[in-house]
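I have placed the structure first, in the form of structure tokens, so that the comments after it can refer back to it.
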Amino acid sequence: MSKIYAMYDDDATLLHGAEKLVAKGVHIKDVFSPFPIHGIDPVIGVRKTRLAICAFIYGLTGMSLALIGMYYFMIVDWPMNIGGKPNHYFYQNIPAFIPITFELTVLCTAHGMAITYFLRNKTLPGMKAKNPDPRTTDDKFVMEINTAEAGMEEAALINELKATGAIEINKA
Amino acid sequence: MHVVEAEIREPLILGEKSYNDITEDVCAPIEGKANAMWYFVFGLAGLLALWGVGNILYTVGVGIGVWGLNKTVGWAWDITNFVWWVGIGHAGTLISAVLLLFRQRWRMAINRSAEAMTIFAVMMAALFPGIHMGRIWQAYWVLPLPNQFGSLWPNFNSPLLWDVFAISTYFSVSLVFWYIGLVPDFATVRDRMVKPLPKKIYSILAFGWSGNAKHWNRFEEVSLVLAGLATPLVFSVHSIVSMDFATSVIPGWHTTIFPPYFVAGAVFSGFAMVLTLMLVMRKVLRLEDYLTLKHIEYMNIIVMLTGSMVGVAYLTELFVAWYAGVEYEGYAFMNRATGPYWWAYWSMMTCNVISPQLMWFKKIRRNLVITFILSIIVNIGMWFERFVIIVTSIHRDFLTSSWTQFHPTYVDMGVFLGTIGLFFVLFLLYSRTFPVLALNEVKTILRATGEYGVKGASSHGHDDHAAEVVVEETAAPVVEETPTVEEESTDESSTDEASEEGDNEENKEQE
């Protein structure tokens, strides 16, 4: 399946171009940019990520882990009597357990989310980058379109892209 | 989408920059060769670090008896240095997390290096409790691991154990937060590298980042959530450090004001260290266009604010010591100010309370030389603060027969100087191998807060054209707030920048 890469030298030009093309029924497969282009996601149909939901679940896991762990260590397995204040009941000890519960919640959320983020992005050490042109991490913005999904002839599409201000058009 | 800042607001990026210019400026130190000065400072720091490592090995081999500690003063330089370094670390997370949540765009020029500083400072900090244990090879005893001692667990009611969890969480979360921001910038460096070996190294570091729309979508979400997590974390860490003291019954330590007082002090010393490093870095790496006088002024204002908070805390402590009517408490503070360590107390007062008040003057806030000197004075003062709190509170305890003085040995000093050396070794290496500015973030604010907007773009070259783009782009579903002139004029203290990316992010959240 052949692809067309249209390069722009400005994020705003690309965003306008994308809006015009989508209005004409062109399906834009992806956009590569050196920084987030705000407002591009709804235009090219990128849905909001659900990473935050994962983060919440990791947070709950961390919190439960901390509370269950401390309940076991301090109340069940080896209750200590420090300064005449014995560890008989969980609820009496809760205030002293808050700091570590908080820390473990943050620890699990942050690391769980980071790992999920890298896995979902398929960005891990040694992975191969997929950006079509090395300049897209510097100052160029590239739109990727599958010619089969373009909804128009290739020549017509190239004309449309040029009209939106693309500075370079490559085929792959 | 791109709101051009009001005229009254100083630009955050000077000069007529294009996106490519930012890349060039930031990658120049990585691609170029270090000059003789860099090697000289690096060598000096390296020697200091080696001396420190030698002293640490000596301590570990012989035991902490080689330090100046005695039966009365069981905590001295080691814990002072620990608290000092952790405090310095606080600025990085504050800049990258708290200022992100407050939409402070000026943070983008300093967050990368401030976070690097945080990570290196926390490393130095973690060293001290480690070697203070004496038998560092048994450091794993602080973790709740199943064991053969009748399954004896660490005491979860103890703030010292809370500290273990707080510091390790803080370190690892800061590292992850920092690295996630670094990945796209490593990709920029990777795509520019020509020589095969550096290219290979940076491709591994860049994790195969491609920068497509979905990547950026997730990137922003992760940054926002991590910032939200790191914000309470940064406050919790120094609060917990302060509880190491506050939950004890030593007069001078047993104070409820400690958590906020320590957090303010930490931010104070952290920003001072950021200033020390940035003032040198902007000059050496030629980043004056990105780390402008305005940035330095903003940081000085934070130093002034937190310094005043610390001053208020000192006075409150004194007042409460008198007002509470507890004679032990009263004596602890009288002893601080007039006892054998009066010089440490008054150095602390001068450096931390009086010197930041100079920042009320705009001329001083924007003077690089004075700022540099003051930033070092503040850090000396903050070291004395911890020394005063720790040593003067315990050197005269309840039993007068055990009253004594603390005299540091050369090992005490060697370890401390060694950590300073090690810190600079790490920071100097960082400054030549890492993108020292958050490239992907700075580029997003170029058009809005750059002096000329974006140059060289095909359709619009100058600021007036950039303004045109704004008008067109309001078609995008973004709720724009037009900042009023009043808001703009109070920009020094205001936290409500109606930034375009801010609004967009909020918009996304609502979706």
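The values are calculated or read from the model by the stated rules, or taken from the named source; none is laboratory data. Since the structure is predicted, the reported quantities are computational estimates derived from the model, not experimental observations. Virtual Cβ from ideal backbone geometry, glycine too; neighbours counted across all protein chains shown.
With respect to residue B:152, determine if the residue is within 7 Å of chain A (Cβ to nearest Cβ) and surrounded by fewer than 19 Cβ atoms within 10 Å (Cβ to Cβ).
Yes: the conditions hold for residue B:152.
Of the numbered conditions (1) among the hydroxyl-bearing types (Ser, Thr, Tyr); (2) more than 14 Å from chain A (Cβ to nearest Cβ); (3) farther than 30 Å from residue B:129 by Cα, residue B:80 fails exactly one; give the number of that condition.
Just one mismatch for residue B:80, condition (3).
Scan region B:53-71 and give yes if some residue there is surrounded by fewer than 16 Cβ atoms within 10 Å (Cβ to Cβ), touching a helix residue (DSSP H, G or I) at 6+ places or on another chain (Cβ under 8 Å) and of a type in the set (Phe, Trp, Tyr), otherwise no.
yes
Among the residues of region B:96-120, count how many are part of a loop (DSSP other than H, G, I, E, B), farther than 19 Å from residue B:26 by Cα and not basic (Lys, Arg).
2
Please work out if residue B:236 is among the polar types (S, T, N, Q), part of a helix (DSSP H, G or I) and facing chain A (nearest Cβ under 9 Å).
On the way: among the polar types (S, T, N, Q): yes; part of a helix (DSSP H, G or I): yes; facing chain A (nearest Cβ under 9 Å): yes.
So residue B:236 passes the test.
Take region B:69-108 and flag every residue that is charged (D, E, K, R) and closer than 30 Å to residue B:447 by Cα.
Result: B:103, B:105, B:107.
Mind checking which residues of region A:7-32 are within 9 Å of chain B (Cβ to nearest Cβ) and part of a helix (DSSP H, G or I)?
Listed by number, the residues that qualify are A:11, A:12, A:13, A:15, A:16, A:19.
Which of the residues belonging to region B:220-245 are surrounded by fewer than 24 Cβ atoms within 10 Å (Cβ to Cβ) and over 17 Å from residue A:100 (Cα atoms)?
Selection gives B:220, B:221, B:223, B:224, B:225, B:227, B:228, B:245.
Residue-wise test of (1) crowded, with 22+ Cβ neighbours inside 10 Å; (2) hydroxyl-bearing (Ser, Thr, Tyr); (3) on the phi > 0 side of the Ramachandran plot; (4) touching a Pro at 6+ places or on another chain (Cβ under 7 Å).
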position	(1), (2), (3), (4)
B:110	yes, no, no, no
B:117	yes, no, no, no
B:131	no, no, no, no
B:145	no, no, no, no
B:161	no, no, no, yes
B:170	yes, yes, no, no
B:174	yes, yes, no, no
B:179	no, yes, no, no
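Looking at region B:242-267 only, could you name the residues that are under 17 Å from residue B:166 (Cβ atoms) and either under 16 Å from the mean Cα position of the chain (by Cα) or of a type in the set (Lys, Arg) (or both)?
B:262, B:263, B:265, B:266, B:267 - these are the residues of region B:242-267 that are under 17 Å from residue B:166 (Cβ atoms) and either under 16 Å from the mean Cα position of the chain (by Cα) or of a type in the set (Lys, Arg) (or both).
Quick one: in region B:429-454, of everything that is assigned to a loop (DSSP other than H, G, I, E, B) and surrounded by 20 or more Cβ atoms within 10 Å (Cβ to Cβ), which residue is modelled with the lowest pLDDT?
B:454
Can you find even one residue in region B:326-333 that is surrounded by fewer than 16 Cβ atoms within 10 Å (Cβ to Cβ) and either out of contact with any Pro (no Cβ under 8 Å at 6 or more places or on another chain) or among the hydrophobic types (A, V, I, L, M, F, W, C) (or both)?
Within region B:326-333, one or more residues are surrounded by fewer than 16 Cβ atoms within 10 Å (Cβ to Cβ) and either out of contact with any Pro (no Cβ under 8 Å at 6 or more places or on another chain) or among the hydrophobic types (A, V, I, L, M, F, W, C) (or both).
Hey, any hits in region B:36-43 for a residue that's surrounded by fewer than 22 Cβ atoms within 10 Å (Cβ to Cβ), within 14 Å of chain A (Cβ to nearest Cβ) and farther than 24 Å from residue B:125 by Cα?
No: region B:36-43 contains no residue that is surrounded by fewer than 22 Cβ atoms within 10 Å (Cβ to Cβ), within 14 Å of chain A (Cβ to nearest Cβ) and farther than 24 Å from residue B:125 by Cα.
Hey, any hits in region A:41-49 for a residue that's farther than 20 Å from residue A:7 by Cβ, more than 9 Å from every other protein chain (Cβ to nearest Cβ) and surrounded by fewer than 15 Cβ atoms within 10 Å (Cβ to Cβ)?
Within region A:41-49 (the criterion being farther than 20 Å from residue A:7 by Cβ, more than 9 Å from every other protein chain (Cβ to nearest Cβ) and surrounded by fewer than 15 Cβ atoms within 10 Å (Cβ to Cβ)), the answer is yes, since at least one residue qualifies.
Residues are listed down the side, and each one gets a yes or a no for (1) buried (at least 20 other Cβ atoms within 10 Å of the Cβ); (2) modelled with pLDDT of 90 or more; (3) of a type outside the set (A, V, I, L, M); (4) within 30 Å of residue B:324 (Cα to Cα):
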site	(1), (2), (3), (4)
B:248	no, no, yes, yes
B:258	yes, yes, yes, yes
B:261	yes, yes, yes, yes
B:280	no, no, no, no
B:285	yes, no, no, no
B:291	yes, no, no, no
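Filter region A:131-142 for residues that are more than 7 Å from every other protein chain (Cβ to nearest Cβ), touching an Asp or Glu at 6+ places or on another chain (Cβ under 8 Å) and either within 19 Å of residue B:444 (Cβ to Cβ) or acidic (Asp, Glu) (or both) and give the result.
A:135, A:140, A:141, A:142
Identify, from the list A:35, A:73, the residue that is at the interface with chain B (Cβ under 8 Å from one of its Cβ atoms), buried (at least 22 other Cβ atoms within 10 Å of the Cβ) and of a type in the set (A, V, I, L, M, F, W, C). Write out each step before concluding.
Details: A:73 fails: buried (at least 22 other Cβ atoms within 10 Å of the Cβ).
Of the residues listed, the single one that is at the interface with chain B (Cβ under 8 Å from one of its Cβ atoms), buried (at least 22 other Cβ atoms within 10 Å of the Cβ) and of a type in the set (A, V, I, L, M, F, W, C) is A:35.
Do we have residue A:94 as under 19 Å from residue B:144 (Cα atoms) and crowded, with 21+ Cβ neighbours inside 10 Å here? Break it down stepwise before answering.
Numbers: under 19 Å from residue B:144 (Cα atoms): yes; crowded, with 21+ Cβ neighbours inside 10 Å: no.
Considered against the rule, which asks whether it is under 19 Å from residue B:144 (Cα atoms) and crowded, with 21+ Cβ neighbours inside 10 Å, residue A:94 comes out as no.
Among the residues of region A:76-91, write down those that are part of a loop (DSSP other than H, G, I, E, B), surrounded by fewer than 19 Cβ atoms within 10 Å (Cβ to Cβ) and in contact (Cβ under 8 Å) with a residue 12 or more places away in the chain. Break it down into steps so the answer makes sense when it comes.
Taking region A:76-91 as the starting set, the residues that turn out to be part of a loop (DSSP other than H, G, I, E, B) are A:78-80, A:83-84, A:87-89.
When the remaining residues are screened for being surrounded by fewer than 19 Cβ atoms within 10 Å (Cβ to Cβ), the result is A:78-80, A:83-84, A:88-89.
If the condition is that a residue be part of a loop (DSSP other than H, G, I, E, B), surrounded by fewer than 19 Cβ atoms within 10 Å (Cβ to Cβ) and in contact (Cβ under 8 Å) with a residue 12 or more places away in the chain, then A:88, A:89 are the ones that fit.
Kindly provide the set of residues from region B:191-206 that are at the interface with chain A (Cβ under 9 Å from one of its Cβ atoms) and surrounded by fewer than 23 Cβ atoms within 10 Å (Cβ to Cβ), ordered by number.
Those that are at the interface with chain A (Cβ under 9 Å from one of its Cβ atoms) and surrounded by fewer than 23 Cβ atoms within 10 Å (Cβ to Cβ): B:192, B:203, B:204, B:205.
Could you tell me whether residue B:250 is outside any helix (DSSP H, G or I) and either of a type outside the set (D, E, K, R) or free of Cβ contacts under 8 Å to residues at least 40 places away in the same chain (or both)?
Yes.
I need the full set of residues from region B:207-223 which are part of a helix (DSSP H, G or I) and either within 8 Å of chain A (Cβ to nearest Cβ) or within 20 Å of residue B:320 (Cβ to Cβ) (or both), in order please.
Scanning region B:207-223 gives B:213, B:214, B:215, B:216, B:217, B:218, B:219, B:220, B:221, B:222.
When residues of region B:184-220 are filtered for being touching a residue at least 40 places away in the same chain (Cβ under 8 Å) and acidic (Asp, Glu), how many remain?
Adding up the residues that qualify gives 2.
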